[in-house]
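The structure appears below as structure tokens.
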Amino acid sequence: MNQTPASDFVKDVKVIKAAILKSRYIAARLANAEMLKLYFAIGAYVSRNSREGRWGTGAIEEISRLLQKELPGLRGFSAQNMRSIGSSSKNVGLRQFARQ
């Protein structure tokens, strides 16, 4: 059986590497877009429930704590962050981000 020298595969490796990198980039872009949608949807939910008085003092802290308990290792949903995304959802429309 004849073995092909490794140098003959340089072009093949470049083609496969380009396909892998392109797919990784697309996957990351789609994941980022989905996370933005999630953050703004949660922000709108937090804002609406806070504004309408459905939630009292300490509600966001408790919700954040319970989320951490339900989803160990969850990042980005501290009480401070939830307030921030709630505030941001008032200022920026979800449609603007969905178009990108």
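The values are calculated or read from the model by the stated rules, or taken from the named source; none is laboratory data. What you are looking at is a predicted structure, and each value in this text was computed from that prediction instead of being measured. Glycine gets a Cβ as well: all are built from the backbone with ideal geometry, and neighbour counts include every protein chain shown.
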> How many residues are part of a helix (DSSP H, G or I), of a type outside the set (S, T, Y) and farther than 30 Å from G86 by Cα if we restrict to the stretch 4-56?
Replying inline: 17
> Quick one: how many residues across the stretch 1-43 are surrounded by 11 or more Cβ atoms within 10 Å (Cβ to Cβ), charged (D, E, K, R) and free of Cβ contacts under 8 Å to residues at least 12 places away in the same chain?
Replying inline: 1
>> Going through A6, A33, A44 one at a time, which residue ends up being at pLDDT below 90 and within 20 Å of the chain's Cα centre (by Cα)?
In response: A44
> If you scan the stretch 54-71, which residues turn out to be surrounded by 11 or more Cβ atoms within 10 Å (Cβ to Cβ) and among the charged types (D, E, K, R)?
Replying inline: E61, E62, R65
> Which pairs have Cβ atoms under 9 Å, sit 6 or more apart or on different chains, and link a residue in the stretch 56-80 that is under 18 Å from M35 (Cβ atoms) to one that is surrounded by fewer than 12 Cβ atoms within 10 Å (Cβ to Cβ) and modelled with pLDDT of 95 or more?
Replying inline: F77/L71
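Might you let me know whether the stretch 72-82 holds any residue that is in a helix (DSSP H, G or I), surrounded by fewer than 10 Cβ atoms within 10 Å (Cβ to Cβ) and at pLDDT below 95?
Checked against the condition, which is being in a helix (DSSP H, G or I), surrounded by fewer than 10 Cβ atoms within 10 Å (Cβ to Cβ) and at pLDDT below 95, the stretch 72-82 yields no hits at all.
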